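For reference, the structure is listed below as structure tokens.
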Amino acid sequence: MKAVTILGATGSIGQSTLNVLAAHPEQFEVFALTAATNVDAMGKLCEQFRPRYAVMADPTAAQALTAQLTGRTTKVLAGSEGLCEVASAGDVDIVMAAIVGAAGLLPTLAAVEAGKKVLLANKEALVMSGQLFMDAVTRHQAQLLPVDSEHNAIFQCLPESAQQLGLVDLAAAGVHKILLTGSGGPFRELPVAALAEQTPAAACAHPNWDMGRKISVDSATMLNKGLEYIEARWLFNCQPQQLEVLLHPQSVIHSMVSYADGSVIAQMGQADMRTPIAHCLSYPQRLESGVAALDFSQVAQLTFAQAEPARYPCLFLAQQACWEGQWATTSLNAANEVAVAAFLAGKIKFTQISQICERVLEQSSAAHVTALEDVLAIDQQARRYAQEVMEQRANV
Ligand code: NAD
Ligand code: MG
């Protein structure tokens, strides 16, 4: 019996994880569930899964949940300390890191530093802290497994000798190149001139995947693929020539690995996150996930293309930032979080997301990152710059 903590239990990945766990009560027990503010959703999950702990990041929400769970055995904790506590508790075997954005960094690191089996969905945590994160994985002998469907696909296409993340040697494994695929999002075929007028609802209507709102907007700008490019660099220890992004609108292939002998290995499946989640939960065994196998008679065609810079400037910003240094990817991630929140709140246009990211990167200067404090300072500074850029634009 494995005890599981889910950071971000009320979200899209959290729900899919609980769906897989619920199908295997003999193998997994829910140790702790966490959420930001949604007391009702958390109350329902506590009724159903009866975790030992429930954590609300927001202290007021924690008080409301405590009142709602009177007489129950679930203990309610609050704030960042509560999140870190259930991520690192001695009785926990597996931590699903599925908080969205920078808020996930500290609890995910707490799980890594406690040497847990860490299932990483929260790509922003790795993008923000890169080498520091991977060094912590190796130092604390955590087992890191990738939930992001592309990275999970790449992982599955690598030989066992290259599956210890943090210590991957692609050249020794005979890998020529990793091909990171992406659908191109909901605006792939729109005239570029029409992008400025796209609404949050249109941006969140992804053609293939059902996801949280922030990652849905990131998919529309393809900054999501940019974050994934950075994520892949760290997970698989890539050199620039070993990593390439490829558009594949059908999302049937979830990514590929190209080998020195000309072989290309792809992982395929339905666009349903329960597949990579189940893979990580039971690795190296396989588990029923509730997802049916692909029906190839229904897969009409598989097509591929290159992403256009004019349509997806965020992707190219991220690829550039990836090789510039940690300060650049931390700044980009923070600027994007501020810009996407403003777009979702109806305060800026879709095309201003990339403009804000670009301005913040121009304003940020190369800084050394040797400790977590450096990461947090750069993150805060980029958020301030992003706010300033938005205020300047509003005043023009
Ligand atoms: P979501 O918005 O549906 O859920 C986010 C979860 O994080 C919620 O439980 C929310 O309560 C919690 N949360 C939000 N802000 C918080 C804060 N400040 N403190 C503590 N908790 C907070 O997001 P999602 O789509 O499930 O994505 C979660 C993560 O997984 C993201 O990093 C995303 O990039 C990644 N991911 C998602 C998918 C997908 O299909 N949804 C696929 C690959 C990777
Ligand atoms: Mg992905």
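Structural remarks
- Scanning the range 121-154 for residues that are in a loop (DSSP other than H, G, I, E, B) and not aliphatic (A, V, I, L, M) gives Asn122, His140, Gln141, Asp148.
- Any chance Ala57 is surrounded by fewer than 24 Cβ atoms within 10 Å (Cβ to Cβ), more than 30 Å from Gln164 (Cα to Cα) and touching a Leu at 6+ places or on another chain (Cβ under 7 Å): yes
- The residues on offer are Leu120, Leu170, and the sole one that is assigned by the TED database to the domain that holds Asp374 and at pLDDT 95 or above is Leu170.
- Any hit, the range 269-277, residues being on the phi < 0 side of the Ramachandran plot, assigned to a helix (DSSP H, G or I) and of a type in the set (D, E, K, R): yes
- Filter pass, Ala271 being under 26 Å from Thr10 (Cα atoms), within 13 Å of ligand 1 (Cβ to nearest atom) and modelled with pLDDT of 95 or more: yes
- Of all residues in the range 341-367, those satisfying the criterion of being under 18 Å from Ala318 (Cβ atoms) and among the polar types (S, T, N, Q) are Thr351, Gln352, Ser354, Gln355, Gln363, Ser364.
- The residue that is surrounded by the most Cβ atoms within 10 Å (Cβ to Cβ), among those in the range 313-352 that are over 19 Å from the mean Cα position of the chain (by Cα) and of a type in the set (A, V, I, L, M), is Ile348.
- Restricted to the range 174-195, and to residues there that are out of contact with any strand residue (DSSP E or B) (no Cβ under 8 Å at 6 or more places or on another chain) and part of a loop (DSSP other than H, G, I, E, B), the residue that is surrounded by the most Cβ atoms within 10 Å (Cβ to Cβ) is Gly185.
- Highlighted here are the helices (runs of 4 or more DSSP H) found entirely within the range 196-240 that include at least 2 residues which are buried (at least 24 other Cβ atoms within 10 Å of the Cβ): 213-221, 223-236.
- Taking the range 117-150 as the range and being more than 16 Å from ligand 2 (Cβ to nearest atom), among the aliphatic types (A, V, I, L, M), without any contact (Cβ under 8 Å) to a residue 40 or more places away in the chain and within 26 Å of Thr275 (Cα to Cα) as the test, the residues that pass are Val118, Val137, Ala142.
- Being of a type in the set (A, V, I, L, M, F, W, C), at negative phi and surrounded by fewer than 22 Cβ atoms within 10 Å (Cβ to Cβ) is true of Leu106.
- Of the candidates Ala201, Ala260, the single residue that is away from ligand 1 (no atom under 14 Å from the Cβ) and in contact with a His (Cβ under 6 Å, 6 or more places away or on another chain) is Ala260.
- Residue under evaluation Ser216, criteria (1) more than 13 Å from ligand 1 (Cβ to nearest atom); (2) at pLDDT 95 or above; (3) under 19 Å from Glu124 (Cα atoms), criterion not met: (1)
The values are calculated or read from the model by the stated rules, or taken from the named source; none is laboratory data. Please read these numbers as outputs of a predicted model, since none were measured by experiment. Glycine gets a Cβ as well: all are built from the backbone with ideal geometry, and neighbour counts include every protein chain shown.
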